[in-house]
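Here is the structure we will look at, set down as structure tokens.
The values are calculated or read from the model by the stated rules, or taken from the named source; none is laboratory data. Given the structure is predicted, the values throughout are model-derived calculations rather than measurements. For neighbour counting, all protein chains shown are included, and Cβ atoms are generated from backbone atoms with ideal geometry for every residue, glycine included. Areas reflect the complete protein model, heavy atoms only, side chains present, ligands, DNA and RNA absent. Shrake-Rupley method; radii C 1.70, N 1.55, O 1.52, S 1.80 Å.
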Amino acid sequence: MSLLRTYWPWLLRLGVLLLFLALVFKPYWFEGVFAPLVSPGATVIYPQDSLASLTLQHLELVLISLVVSALLGVSAGVFVTRPSGAEFFPLSRAIANIGQTFPPVAVLALAVSAVGFGAYPTLIALALYGLLPIFENTVAGINQVPNSVLDAADGMGMSGTQRLWGVELPLALPLILEGIKVATVINIGTATIGSTVAAKCLGEVIIAGLLVNNMAYVLQGGLIVGLMAVLIYDLLGLTQTFLVQRMGLSTQVA
């Protein structure tokens with residue numbers, strides 16, 4: 001029993017991973033499960049495109065937008081915590097809040113008028129949507145570094161750049177990673193709206209189900225997106241724990 005208690009989290013992760021892979025690569029295994037959700041004679045498994053291909057394209061949208069959000073959010077967070085950038089903090093926070101609170105559908109509509117249909121407007125909306133948690137956690141992580149540590153770094157003769165890279169950012173890393181985790185989960189779910197502007201993603205399956213009243217399609221797309229978010233959030237959490245333990249930092253986050 002003690003062995004089972006030790007390994008049950010890994011067994012649970014393995015079960016979720018196998019279910020995700022089966023839904024993506026072998027969807028016809030679940031035809032009997034989804035069949036009661038559709039009208040007699042209707043198609044049970046989404047036939048227009050490969051679920052594996054849509055899943056990869058969905059992940060590609062999330063990954064690219066997350067890299068942009070992380071670069072902008074961390075850079076802005078570092079900038080406003082420097083003496084020369086402190087006066088821009090209210091403006092930067094307001095911009096990040098607008099990116100989070102402005103409806104993503106409205107962002108898509110505005111982006112389409114600027115860059116046309118396809119993946120680009122979706123990437124713009126996702127990058128803006130993931131900006132706030134990364135920016136706020138970067139600022140909080142840097143501001144929580146004790147003054148005594150900063151004074152010690154100054155006493156050792158570190159320049160501002162050396163103190164940032166050698167002291168402040170490593171100590172802020174747990175909170176920055178937490179912000180990236182939150183932004184990742186937000187973007188995995190939000191990316192489904194990309195199908196409304198012709199971006200290839202799993203939202204295509206869900207929208208198709210809504211258009212033809214096929215709840216099997218909706219459930220297939222929703223399950224894959226949900227399981228993907230759970231698996232990636234867990235993977236990022238394990239990576240975060242590994243990194244902070246390896247660097248001798250606390251894993252406690254605000």
### Message
About the Cα centre, and with charges only on the beta carbon of Lys, Arg (+1) and Asp, Glu (-1), how big is the dipole of the chain? Nearest 20 debye, please.
### Response
280 debye
### Task
Decide, for the stretch 1-76, between rounded, prolate and oblate: order the square roots of the alpha carbon gyration tensor eigenvalues as a ≥ b ≥ c, take rounded if a/c falls under 1.5, and otherwise choose prolate if a/b is larger than b/c, else oblate.
oblate
#### Entry: Helix axis angle, 89-101 relative to the chain longest principal axis, alpha carbon, degrees
10 degrees
### Query
Within the stretch 19-56, whose backbone N sits under 17 Å from a point 7 Å along Cα→Cβ of Asp234?
19-24
### Query
Of Gly116, Leu211, Leu236, whose Cα points farthest to the positive end of the dipole of the chain (charges on the beta-carbon: +1 Lys, Arg; -1 Asp, Glu; origin at the Cα centre)?
Leu236
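Ratio of alpha-carbon Rg to the 2.2 N^0.38 Å globular estimate for the stretch 163-254, to two decimals, please.
Details: Rg = 18.0 Å, N = 92, 2.2 N^0.38 = 12.3 Å.
For the stretch 163-254, the normalised Cα radius of gyration is 1.47.
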### Message
Can you give me the Rg/Rh ratio for the chain, using Cα atoms for both radii and the Kirkwood formula for Rh?
### Response
1.06
### Task
Ratio to report: Rg/Rh of the stretch 2-144, with Cα atoms as the point set and Rh obtained by the Kirkwood method; give two decimals.
1.14
### Accessible surface, the stretch 121-185, averaged per residue in Å² (probe 1.4 Å)
40 Å²
### Message
With a 1.4 Å probe and all protein chains left in place, how much of the accessible area of the stretch 56-145 comes from carbon and sulfur atoms, in whole percent?
### Response
75 percent
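Tell me, what is the FRET efficiency for Gln245 and Ser39 to the nearest 0.05, using R0 = 45 angstrom and their Cβ-Cβ distance as r? All intermediate terms of the calculation are to be shown ahead of the outcome.
Details: r = 53 Å, r/R0 = 1.18.
The computed FRET efficiency comes out at 0.25.
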### Message
Between 0 and 90 degrees, rounded to the nearest ten: what's the tilt of helix 51-80 against the longest Cα principal axis of the chain?
### Response
20 degrees
### Message
Over the Cα atoms, compute the radius of gyration (one decimal) and Dmax (the largest Cα-Cα distance, rounded to a whole number) for the stretch 85-211, in Å.
### Response
19.1, 66
### Task
For the stretch 59-186, build the charge dipole from Cβ charges (+1 Lys, Arg; -1 Asp, Glu) around the Cα centre, then report which of Gly73, Leu169, Val105 sits farthest towards its positive end.
Val105
### Query
Which order do peptides 184-194, 73-83 fall in by mean Cβ count within 10 Å, highest first?
184-194, 73-83
#### Entry: Quarter of Cα convex hull surface for the stretch 76-120, i.e. mean projection, nm²
4.0 nm²
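If each DSSP helix of 4+ residues adds -39,500 (n - 2.57) and the sum is divided by the residues in the chain, what number results at 222 nm, nearest 500 deg cm²/dmol? Could the numbers behind the result be given before it?
Values: 12 runs with 183 residues, N = 254.
Counting only the DSSP helices, I get -23500 deg cm²/dmol.
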### Query
Angle between the Cα long axis of helix 131-143 and the longest principal axis of the chain, 0 to 90 degrees, nearest 10?
30 degrees
### Summary
Note on the stretch 54-106: alpha-carbon gyration tensor, axes a ≥ b ≥ c; rule is a/c under 1.5 for rounded, else prolate if a/b larger than b/c, else oblate; result oblate
